[in-house]
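Below you'll find the structure, written out as structure tokens, and then a few comments.
The values are calculated or read from the model by the stated rules, or taken from the named source; none is laboratory data. Keep in mind the model is a prediction, meaning the values are calculated, not measured. So basically every Cβ, Gly included, is an ideal-geometry build from the backbone, and we count neighbours across all protein chains shown. The protein model used for the area step is the full one, side chains on, heavy atoms only, and it has no ligands, DNA or RNA in it. Shrake-Rupley method; radii C 1.70, N 1.55, O 1.52, S 1.80 Å.
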Amino acid sequence: KEVAEKEGATIAFDAINGDFTDKLVRNLPANSTVYVYGMLSGTSKYPLTENKRVEDGKSIKGLVYTSYIAEFKQRGELDKYYEEIHAPLRTIYKTEVHKVFTVDEILEAMEYYDKNSSKGKILVKMN
């Protein structure tokens, strides 16, 4: 809440969904929007295809990447934005793989990730 107020944040992006979304909403100022684009919590409390108004003019909106692609394509703007959208995926948002495990090492992999998740992702390869 303090960071949102200090920085003037009125938008948040949430890949977790569920109770975490509720926390985001509570900690943002009035007239803010939380865009939900995932279900890492294992729940779909806020479906990605729906929009919902909540207290103080706040809203929770589903963010589905494919719907934006269709919209750009329909307007003839897909090529224009394609590189702009995808270039950061190869650099800024590149996934860092910290360690590789085999499927036979799945328990070790889960334990390792629990203790070292801030170091990067783990990769589990099929044998």
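Just a few scattered comments:
- Legend: distances between Cα atoms for 58/115; 52/80; 73/94; 1/99; 52/121; pairs beyond 28 Å are 58/115; 52/80; 1/99; 52/121.
- Our helix-only sum for the chain, with -39,500 (n - 2.57) per DSSP H run of n ≥ 4 divided by its residues, gives a mean residue ellipticity at 222 nm of -11000 deg cm²/dmol.
- Rg/Rh (Cα only; Kirkwood hydrodynamic radius) as it applies to the chain: 1.05
- For the chain, the relative contact order is 16 percent, taking Cα pairs closer than 8 Å that sit 6 or more residues apart in sequence and dividing their mean separation by the residue count.
- For the listed peptides 17-23, 98-104, a ranking on the average number of other beta carbons within 10 Å per residue, highest first, reads 17-23, 98-104.
- Using the 1.4 Å probe convention, the accessible area of the chain works out to 75 Å² per residue with neighbouring protein chains retained.
- Residue-level accessible surface for residue 46, protein heavy atoms, 1.4 Å, Å²: 20
- Loop GluC sites (Glu not before Pro), region 17-81 (other Cβ atoms within 10 Å of the site Cβ: 14 or fewer; DSSP): 50, 77
- Dipole size of the chain about its Cα centre, with +1 on Lys/Arg Cβ and -1 on Asp/Glu Cβ: approximately 160 debye, rounded to the nearest 20.
- Amide H to amide H distances under 5 Å link residue 124 with 101, where only residues 5 or more positions off or on other chains count and H is placed in the peptide plane.
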